[in-house]
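Structure record follows, encoded as structure tokens.
The values are calculated or read from the model by the stated rules, or taken from the named source; none is laboratory data. Treat the numbers as computed from the prediction; the structure is a model and nothing was measured. Positions of Cβ are generated from backbone atoms using ideal geometry, with glycine treated the same way; all protein chains shown enter the neighbour counts.
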Amino acid sequence: MRFRAKIVDVACLNHFTRVINTIAKLAKTCTLRLTVDKLYFILTDKVANGGVSMWCELNQGNFFDEFQMEGVAAEHNEIYLELTPENLSRALKTAQNAKTVKIKLTNKHCPCVTVAVELPSLSSSSRIVTHDIPVGVIPRRLWNDFREPSVPDFDVSIYLPVLKTMKSVVERMKNLSNCIVLEANLNGEMNLKIETDLVSVTTHFKGLGNPPWVSEDGSQNSTQDRDPESMAEARIDIRKLLQLLAGQQVNPTKALCNIVSKRIVHFILLHEEVSLQYFIPALA
Amino acid sequence: MPLSTQPETGDDQYVLVASLDNVRNLSNILKAIHFKDHATCFATTNGIKVTVENAKCLQANAFIQAGIFQEFIVQEESVTFRINLAVLLDCLTIFGTNSLPGTSTALRMCYRGYGYPLTLFLEEGGVVTVCKINTEEPEETLDFDFCSTNVVNKIILQSEGLREAFAELDMTSEVLQITMSPDKPYFRLSTFGNAGSAHLDYPKDSDLMEAFHCNQTQTNRYKISLLKPSTKALVLSCKVSIRTDNRGFLSLQYMIRNEDGQICFVEYYCCPDEDITESEL
């Protein structure tokens, strides 16, 4: 089992740092899955994290100049690691104006992800900062727990409004209530609602547009038969929603959500070759 | 216009209707009196007065004149209700406190009368928020009976002259002692804290002093914990008028210029803490 990768481009480094910072905001610990082409950050829906799950996928080619990995076996050419993304985020803080950043899997007392940062130096000798981040190697029999979640059979799929506006609305609403109702229809309208003994607040967004989804057999999704005015709604934990809105640093070019009435809200943020999926279950 | 999407039931059922192109002209001034969550709103054709009190010793009033609003209709002689100020401020700032330059949040505020919620329609960039805030039974507010004919000493200062002093008040001191006098030291702020006493004197001919009308030497103490919240108003203001009456009651009037250059006032009244005898001076 071997893994080593290198970033030299500043823009790639900044982008990678922003992705890691986002992951760190969304998950205390997560699974890092490495394949030949991709990196995945995975949070499965355990009760301990409130039933929230995450799936973030990036193409290594967009970030790394060198990327070598050798999995546990030729027919299972993958590596699964358990890590605290906050540690990786902290290691990358020292790498802000680095010449190169090398990330490799090492074994020092325990398995580690070692981040070696080469900083610019005035003299001929280089300055290198090394971070050893302890990780857990996940055995192959547990890999099945980390399958990509399928897109749920949603009632309504809709593009999200400007995330900055949505964030400030949800921030204020969080001061007033613990849960929020997110509802949307196929007419490009979305509402955010809270209601308490003191106050009820509803924010109406419109003209958002509904993304076209084509199912695998080529036919349009079943949502086609739905009355465009009819709202699908889910009541979710407002802190989980704010965590996503406040934590994300990927500045997505496309952001959308799928609502399964009274069951789950599935968020998808896309930025070039990064995709972040986030699932928030509905409250009873 | 998004704001007209509300049902056309007519405005005549409302006892109070107020519209504002820039909601910050209201929210900023309400922040200046937000040290307790309960506020009493009192509207007449002249405008709205919002009152917040603490410990029966301190009262803060924010005045927003009818002219500040683009539309202001009061159907009754006066309309009074009590409201949770923290909730009101969260609703008013729902689109954030620092909107992009060139964009502002528009507000339309309606109240149908006793027992009804206060309804806010807010709009920014085509996004509309509707808030219904439940109102509460209005309570009698304190009457400080602060009458200008009883004023003994009055000073008008440019606020910057007082801002630093208030921001750095020694909070280990229980009181702020204010001395106003026709003779030296003219205007003195004193604290008595763990690390010793501090005195801050303002000369009468200072550039910061806009007016100085002191008729007799007066030294009064005020609870520092009560006066500290007035810093919020001081920060926003351009001028402050400091007055004391023959009972030692303190009035601080802050003149606040909003983003559109209009003037609003916030006023704090405070009771003196105790009588101090000559021997303590």
| Out of all the residues in region B:246-266, which are within 13 Å of B:LYS154 (Cα to Cα), more than 13 Å from the chain's Cα centre (by Cα) and of a type in the set (Gly, Ala, Ser)? | B:GLY248
| field | Cross-chain or 6+ apart pairs with Cβ under 6 Å, region A:73-102 first and hydroxyl-bearing (Ser, Thr, Tyr), then assigned to a loop (DSSP other than H, G, I, E, B) | value | A:TYR80/A:ILE138; A:THR84/A:THR29; A:THR100/A:VAL8
| query | Would you say A:SER124 is free of Cβ contacts under 8 Å to residues at least 60 places away in the same chain and either outside any helix (DSSP H, G or I) or surrounded by 13 or more Cβ atoms within 10 Å (Cβ to Cβ) (or both)? | reply | yes
| note | Taking region A:148-186 and keeping residues more than 14 Å from chain B (Cβ to nearest Cβ), within 20 Å of the chain's Cα centre (by Cα) and surrounded by fewer than 17 Cβ atoms within 10 Å (Cβ to Cβ) leaves A:GLU148, A:PRO149, A:SER150, A:VAL151, A:PRO152
| note | Within region A:240-278, residues being surrounded by fewer than 21 Cβ atoms within 10 Å (Cβ to Cβ), modelled with pLDDT of 95 or more and touching a His at 6+ places or on another chain (Cβ under 6 Å) number 0
| note | Expected output for region A:197-208 (first residue under 20 Å from A:PRO228 (Cα atoms) and more than 7 Å from chain B (Cβ to nearest Cβ), partner aliphatic (A, V, I, L, M) and in a strand (DSSP E or B), Cβ below 6 Å, 6+ apart or cross-chain) is A:LEU208/A:ILE158; A:LEU208/A:MET190
| query | Among the residues of region B:81-98, is there at least one that is modelled with pLDDT under 95, of a type in the set (Gly, Ala, Ser) and surrounded by 16 or more Cβ atoms within 10 Å (Cβ to Cβ)? | reply | yes
| Within region B:103-158, which strands (runs of 3 or more DSSP E) (wholly inside it) include 1 or more residues that are away from every other protein chain (no Cβ under 14 Å), within 19 Å of B:GLY248 (Cα to Cα) and within 21 Å of the chain's Cα centre (by Cα)? | B:151-158
| request: Look through B:CYS57, B:CYS110 and report the one residue that is in contact with a Ser or Thr (Cβ under 7 Å, 6 or more places away or on another chain) and either more than 25 Å from B:ALA233 (Cα to Cα) or at pLDDT below 95 (or both). | output: B:CYS110
| message | Suppose the filter is surrounded by 19 or more Cβ atoms within 10 Å (Cβ to Cβ), in contact with a helix residue (DSSP H, G or I) (Cβ under 7 Å, 6 or more places away or on another chain), at pLDDT below 95 and away from every other protein chain (no Cβ under 14 Å); does B:ASN25 pass it? | response | yes
| query | Is it fair to say B:THR179 is modelled with pLDDT of 95 or more and either out of contact with any Asp or Glu (no Cβ under 7 Å at 6 or more places or on another chain) or not assigned by the TED database to the domain that holds B:ASP245 (or both)? | reply | yes
| query | Residues in region A:117-130: is at least one of a type in the set (Val, Ile, Thr) and in contact with a helix residue (DSSP H, G or I) (Cβ under 7 Å, 6 or more places away or on another chain)? | reply | no
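Yes or no, residue by residue, for (1) over 24 Å from B:CYS271 (Cβ atoms); (2) in a strand (DSSP E or B); (3) more than 14 Å from chain A (Cβ to nearest Cβ); (4) touching a strand residue (DSSP E or B) at 6+ places or on another chain (Cβ under 7 Å):
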position	(1), (2), (3), (4)
B:ILE48	yes, yes, yes, yes
B:LYS56	no, no, yes, no
B:ASN61	no, yes, yes, yes
B:ILE73	yes, yes, yes, yes
B:ARG82	no, yes, no, yes
B:VAL87	yes, no, no, yes
B:ASP90	yes, no, no, no
B:PHE95	yes, no, no, yes
B:PRO101	yes, no, yes, no
